[in-house]
1. Here are some residues: 162, 130, 108. Which one is more than 25 Å from residue 421 (Cβ to Cβ) and either touching a residue at least 40 places away in the same chain (Cβ under 8 Å) or part of a strand (DSSP E or B) (or both)?
2. On the given criteria, is residue 274 open to solvent by 60 Å² or more (accessible area, probe 1.4 Å) and of a type in the set (Ser, Thr, Tyr)?
3. Which fully enclosed strands (runs of 3 or more DSSP E) of segment 221-268 have 2 or more residues being surrounded by 20 or more Cβ atoms within 10 Å (Cβ to Cβ)?
4. Go through segment 315-328 residue by residue and tally those that are in a loop (DSSP other than H, G, I, E, B) and either acidic (Asp, Glu) or surrounded by 10 or more Cβ atoms within 10 Å (Cβ to Cβ) (or both).
5. Examine segment 252-260 for a residue that is more than 25 Å from residue 178 (Cβ to Cβ), out of contact with any His (no Cβ under 7 Å at 6 or more places or on another chain) and without any contact (Cβ under 8 Å) to a residue 24 or more places away in the chain, and state whether such a residue exists.
6. Quick one: residue 245 ticks every box in (1) in contact (Cβ under 8 Å) with a residue 60 or more places away in the chain; (2) within 27 Å of the chain's Cα centre (by Cα); (3) farther than 30 Å from residue 455 by Cβ except a single one, so which number is it?
7. Taking residue 446 as the residue in question, decide whether it is within 32 Å of the chain's Cα centre (by Cα) and modelled with pLDDT under 95.
Amino acid sequence: MRFHAASAISAAALLAGSVRADAQSVLSDASSSVASAASEATSATSTSAIELPTYTPSKIKAPFLEQFDDLSRWKESRAKKDTKGSEKEDEAWEYVGKWAVEEPTVYKGMEGDKGLVMKDVAAHHAISAKFDKKIDNKKKTLVVQYEVKLQNGLSCGGAYLKLLRDNKALHREEFSNSSPYVIMFGPDKCGSTNKVHVIINHKNPKTGEYEEKHLSSPPAARIVKTTELYTLIIHPNNTLIIKQGDEQVKEANLLEDFQPAFNPPKEIDDEKDSKPDTWVDEPQIADPKAEKPADWDEDAPFEIVDESAEKPADWLEDTPLTIPDPSSKMPEDWDEEEDGDWVAPTIPNPACDDVSGCGPWEKPMIRNPEYKGKWTAPLIDNPEYKGVWAPRKIANPNYYEDKTPSNLEPMGAVGFELWTMDKDILFDNIYIGHSVEDAAKFAQETFHEKHPIEQLLELEDKPKEEEKPIKSPSDLVFMDDPVHYIKEKLDLFFTIAQNDPIQAIKFVPEAAGGLAAVLITFLAVIIGVVSMGGSTPPPQVKKAAADAKAAAIDAKDKVAEAVASGTEQAKEQINKRSTRSTS
């Protein structure tokens, strides 16, 4: 009986070895097919294989639309920066920073697409372009949209634009920080400060003076080297929206979310009013009727000696707390005649480490239960209290009510007046108009065409992660390392199958029933990376993905067939031998 059972097991083991060879052959072919297809898909996304879209001028119409084919509409400023009233009032600053129209050099996402580039570091730049016709948004939506590409990041500086007030004094060659503007919008970062500015220069209808109104809690700018799209929308109902890319990052109300407020308060404090001398503003006073208790001892000490304490039995009263350092030696250049007797430095006595203490023992101090401290009368509510004094309110002589601050001053030009510590900041595709839909279409033609490709290029540029320590098959996680996961599971499956195919299927079911499915999942990860960004993948990527998927499905069928066939054959052999042994 034992002989036949052993023979059956041996036959099963031999057959399992045959199954392993067949399955490994199938999986080897499948892995090669999938690896080849994955390699083809990956190479299709490499810098050399990506076919960049070609720049085509937009046919969208707007009051102002700029794609920077050249600088014909733009004028560099030669003015001096106004430093009056600043810490650098005695210094003269000129706008010497150079501008250029050129294609990006970092993560280029479109062929032939040029932008306006700030070329110098630590220099003041100023450039502007006049509108063909002034832009007036009264009772209209205003849309300001443009692209910013921080090719070298942004450590300290601005990348915002200004819409300049339309007036006769608007001379482009004299454009400077003191030029009157209507809106300042865009990113600004230096140190811990990082925000998307929205500043509106608002005219006081009573005095005619202008005051800057700043958006409260502005969103943070995205400091990336790929192109970022900034959009500002101001609606006639006084609502404001800021978008970065397609994401709305801020919604605000002009009448509620700006500092200082567009409308001043109706009433203000009377500067001539002062607090009367008889005004009582102490809410509580010491109770005048209270008396110190007769048994209150103000002289009782806070602590007293604990008379009940006893010296610990292991206290070494005759042992000093410190001893001369036995490892120290008198320096060779020590002259006792000049320097005096040399005394070794002391260290804590090691004999005191394992006992309660050393040296003269004294009873410890404890809190005095009779201590009460200095007596003070308890507080009571002040019957004369009149409350917190505040000056009386009077009508604000400068009060006005602007119900539609969204009706901005007419605008006659757009300009960049900036200082930065990072060169090659690029601006492109400016839309200034009244149509949210047209601005979105313009973004589809420009930003959304190149941005996904820029993201792929940035992904390729990132350094590969370091190899992680090897885990046991039971601890492996597929998403951590799909290739290693598949290899370890296969090895474990075939090792068990050599002795017992049935146990191999039970112990590693993912290997027996879904090894090829794991490969398909791995392929899905690759295809997901290839197609990320929302852009349509190139034809060669689609073909590679289709080939890889077909190879993986074929592999799955072959593996399942090989494993199932081998298992059934093993069962048949064992049953035959068991039947013969009992006959």
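1. Details: 162 fails: more than 25 Å from residue 421 (Cβ to Cβ); 108 fails: more than 25 Å from residue 421 (Cβ to Cβ).
Every option except 130 fails the conditions.
2. Working: open to solvent by 60 Å² or more (accessible area, probe 1.4 Å): yes; of a type in the set (Ser, Thr, Tyr): yes.
Answer is yes for this residue.
3. Numbers: elements: 227-234, 239-244, 247-253.
In segment 221-268, the matching strands (runs of 3 or more DSSP E) lie at 227-234, 239-244.
4. Here is the first cut: in segment 315-328, the ones in a loop (DSSP other than H, G, I, E, B) are 315, 317-321, 325-328.
Adding the requirement that they be either acidic (Asp, Glu) or surrounded by 10 or more Cβ atoms within 10 Å (Cβ to Cβ) (or both) leaves 315, 317-321, 325, 328.
Total satisfying the criteria: 8.
5. yes
6. (3)
7. Values: within 32 Å of the chain's Cα centre (by Cα): yes; modelled with pLDDT under 95: no.
So residue 446 fails the test.
The rows are residues; the columns are (1) closer than 30 Å to residue 281 by Cα; (2) outside any loop (DSSP other than H, G, I, E, B); (3) open to solvent by 60 Å² or more (accessible area, probe 1.4 Å).
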position: 333; (1), (2), (3): no, no, yes
position: 337; (1), (2), (3): no, yes, yes
position: 354; (1), (2), (3): no, no, yes
position: 371; (1), (2), (3): no, no, yes
position: 377; (1), (2), (3): yes, no, no
position: 387; (1), (2), (3): yes, no, no
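The values are calculated or read from the model by the stated rules, or taken from the named source; none is laboratory data. Here the structure is a predicted model, which is why all the values come from computation and not from measurement. We place every Cβ from the backbone using ideal geometry, glycine too, and count neighbours over all the protein chains shown. Accessible surface areas use protein heavy atoms only, side chains included; no ligands, DNA or RNA. Shrake-Rupley method; radii C 1.70, N 1.55, O 1.52, S 1.80 Å.
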